[in-house]
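Engineer: Here's a structure for you.
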Amino acid sequence: MAKKKVKAYTEEFRKQAVSLADQPGKTAVEVAESLGIHVNQIYNWRTQFSKLSKKQFQIHEGVDYAKDESIENKRLKHENAALKKENEFLKKAAAYFANQNK
C-alpha cells in the first residue's frame, strides 16, 4: 500500500494565508477556497503562529517546532524525573536512619 504524499507549504505561504484570513471582510473559508486548501489548514496555522514565536517557526517544507528546543525540553524532563527519584530515595534513607538512631 502506497503512502499518501503530504503537501508541504512554505512558511511564507502559511503567513500570507493566515494574514489574508485575518483581514476584515474575508473569512477563512473564502481564503481557503481561493488558495485550494482545506479551511482547517488556516485554523491550524493560525494556532501555530499564535503559540510559537517567530524564531521557532522557520521551516520551508513541513513543520518543525523548534527541534533544538524540543530536544532540550525532553532532556530537562528526563533530568527532572531522575532528580525526583533521587529525592524520594533520600527521603526514605533519612527516615530509615532516623529510626535506626532511636
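The values are calculated or read from the model by the stated rules, or taken from the named source; none is laboratory data. Every value quoted in this text rests on a predicted model; they were computed, and no experiment measured them. Here the Cβ positions follow ideal geometry from the backbone for every residue, glycine too, while neighbour counts run over all protein chains shown. These accessible areas exclude ligands, DNA and RNA; they are computed on the full protein's heavy atoms, side chains included. Shrake-Rupley method; radii C 1.70, N 1.55, O 1.52, S 1.80 Å.
Engineer: Within the range 7-47, track down each residue that is touching a residue at least 40 places away in the same chain (Cβ under 8 Å) and either in contact with a His (Cβ under 7 Å, 6 or more places away or on another chain) or open to solvent by 70 Å² or more (accessible area, probe 1.4 Å) (or both).
Structural biologist: Thr10, Glu11
Engineer: Assess whether Asn40 counts as being modelled with pLDDT of 90 or more, assigned to a helix (DSSP H, G or I) and either within 16 Å of Ala8 (Cα to Cα) or of a type in the set (Ser, Thr, Tyr) (or both).
Structural biologist: Working: modelled with pLDDT of 90 or more: yes; assigned to a helix (DSSP H, G or I): yes; either within 16 Å of Ala8 (Cα to Cα) or of a type in the set (Ser, Thr, Tyr) (or both): yes.
Taking the combined requirement at face value, the residue satisfies it.
Engineer: Okay, next question. Look through Lys51, Lys84, Lys102 and report the one residue that is at pLDDT below 85, of a type in the set (Lys, Arg) and surrounded by 10 or more Cβ atoms within 10 Å (Cβ to Cβ).
Structural biologist: On the way: Lys84 fails: at pLDDT below 85; Lys102 fails: surrounded by 10 or more Cβ atoms within 10 Å (Cβ to Cβ).
Just a single option satisfies the conditions, and that option is Lys51.
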